[in-house]
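Student: Before we start, here is the structure in question, set down as structure tokens.
The values are calculated or read from the model by the stated rules, or taken from the named source; none is laboratory data. Bear in mind that the values here come from a model prediction, so they are computed numbers and not experimental data. FYI the Cβ positions are ideal-geometry reconstructions off the backbone, even for glycines, and counts take in every protein chain you see. Remember, those area values only see protein heavy atoms, side chains included, never the ligands or the DNA or RNA. Shrake-Rupley method; radii C 1.70, N 1.55, O 1.52, S 1.80 Å.
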Amino acid sequence: MSKPVLRLALLASLAGGSMVLSGCGAQPQPNADHATLERVAYRHDGPPKLTLYTMVNNRTGQGGHTSLMVNASERVIFDPAGSFYADVVPERNDVLYGITPAVEKAYRGSHARSTHHVLVQEIPVTPEQAQLAYELVVSNGRVPGAYCANATASVLKKIPGFEDIKVTFYPVKLAEQIAQVPGVTETRYYENDSADLQVGLARNNAILNGE
């Protein structure tokens with residue numbers, strides 16, 4: 001086996017064998033310019049919060065993707081090597097902007113399907129913790145395919161109060177650590193539509209466009 005093929009096999013294994021289906025390893029979207037990001041900036045009126053999303057295979061229980069929503073001076077989703085796109089949601093360096101309630105719902109709904117559900121873990125934090133998380137994700141840069149959990153854990157570990165997080169390549173392993181954080185709440189979001197992620201992405205893009 002050649003080195004490039006071996007590397008791809010390793011990355012697929014680290015992602016839980018679901019790299020293509022889950023979206024942890026998608027082709028990057030073009031970076032939006034700063035004017036666009038400023039135009040769509042959305043500040044949620046809820047408390048400062050970090051929300052970890054883990055896309056879980058319904059059959060195997062393995063994690064397919066990890067992402068992190070941050071509610072700070074504005075609400076964004078750090079979607080490292082993620083597949084999500086929508087015409088009204090600009091992206092810059094794996095960070096999605098303009099995360100209104102409708103966009104957040106579309107994000108969850110695109111990933112939840114007959115083959116996967118979304119584990120949602122909400123963590124209350126201080127304004128200072130939230131703002132640091134925001135600054136860390138917007139300055140992180142693009143993430144290589146299959147490094148979604150690794151990149152998210154690395155960000156969390158730099159936030160005071162989360163120093164004990166162990167960096168891992170496995171989304172479920174990261175979720176298990178977050179489950180031990182005081183004050184965390186968990187919900188699981190299911191939909192029973194097409195197993196094809198692209199179908200869900202296209203449907204939710206049309207909804208956000210008002211089609």
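Student: Going through the range 144-164 one residue at a time, which ones are touching a Ser or Thr at 6+ places or on another chain (Cβ under 9 Å) and of a type in the set (A, V, I, L, M)?
Tutor: If the condition is that a residue be touching a Ser or Thr at 6+ places or on another chain (Cβ under 9 Å) and of a type in the set (A, V, I, L, M), then A146, A149, A151, A153 are the ones that fit.
Student: Further question on the same structure: Being open to solvent by 60 Å² or more (accessible area, probe 1.4 Å) and in a loop (DSSP other than H, G, I, E, B) is the filter here; which residues of the range 175-196 pass it?
Tutor: Listed by number, the residues that qualify are Q180, P182, Y190, N192, D196.
Student: What is the one condition in (1) at negative phi; (2) modelled with pLDDT of 95 or more; (3) open to solvent by 20 Å² or more (accessible area, probe 1.4 Å) that H111 does not satisfy?
Tutor: The single condition H111 does not satisfy is (3).
Student: Oh, and also: Answer yes if at least one residue in the range 65-84 is under 14 Å from the mean Cα position of the chain (by Cα) and open to solvent by 40 Å² or more (accessible area, probe 1.4 Å), and no otherwise.
Tutor: No, the range 65-84 has no match at all.
Student: Sticking with this structure for a sec: Could you list, in sequence order, all residues of the range 45-54 that are closer than 15 Å to E104 by Cβ and under 18 Å from the mean Cα position of the chain (by Cα)?
Tutor: Matches in the range 45-54: K49, L50, T51, L52, Y53.
Every residue, every condition in (1) among the β-branched types (V, I, T); (2) open to solvent by less than 30 Å² (accessible area, probe 1.4 Å), yes or no:
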| site | (1), (2) |
| --- | --- |
| L119 | no, yes |
| E128 | no, no |
| L132 | no, no |
| V138 | yes, no |
| G141 | no, yes |
| T152 | yes, yes |
| L156 | no, yes |
| I159 | yes, yes |
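Student: Looking only at residues that are among the charged types (D, E, K, R) and either surrounded by fewer than 19 Cβ atoms within 10 Å (Cβ to Cβ) or more than 12 Å from the chain's Cα centre (by Cα) (or both) in the range 85-100, which one is farthest from L208 (Cα to Cα)?
Tutor: My answer is R92.
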